[in-house]
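K.L.:
Below are the structure tokens for one structure; questions will follow.
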Amino acid sequence: MDAAQGRAVCDWFGRWRRDVLVLGDLDPAPITARAIRDPVEQSIDVFVETYARIERCTTAVAQALTSSPPWLRGSPPAVGAAGTDREPSP
């Protein structure tokens, strides 16, 4: 997504700019541009570079979505522990 596409998403869906995430912002490697290059009608090198960046970024998204925040890490409560699988006692 480039800046114009981001504005269009905001306009179409009535969203604030801060609500639109650009995938390229999540690249863990140093970047020179937020937008990910479009490989259409480009060399194979651009194609490889583009899809490598998409893979890095989507991996970062997946890690963020599957990781629990530090304050929630630790052992889960044991099955049958108070409040985990039954109604509270009166």
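No lab work stands behind these numbers, since they all come straight from the coordinates. Fair warning: this is a prediction, and the values are worked out from it, not measured in the lab. Heads up, the Cβs are rebuilt from the backbone with ideal geometry, glycines too, and the neighbour counts pull from every protein chain shown.
K.L.:
Between Phe13 and Asp38, what is the FRET efficiency for a Förster distance of 22 Å, r being their Cβ-Cβ separation, to the nearest 0.05? Mind showing how you got there, number by number?
P.N.:
Working: r = 22 Å, r/R0 = 1.01.
Approximately 0.50, to the nearest 0.05.
K.L.:
What does the charge count near Glu49 come to, summing +1 for each Lys or Arg and -1 for each Asp or Glu among other residues with Cβ under 13 Å from its Cβ?
P.N.:
Values: positive: Arg37, Arg53, Arg56; negative: Asp27, Asp38, Asp45, Glu55.
That sum, taken over residues with Cβ under 13 Å, equals -1.
K.L.:
For Val22 and Gln5 in one chain, what is 0.36 nm times their gap in residues minus the Cα-Cα distance, to one decimal in nm? Write down the numbers at each step before the final one.
P.N.:
Values: separation 17, 0.36 × 17 = 6.12 nm, distance 0.99 nm.
Full extension of this stretch gives 5.1 nm more.
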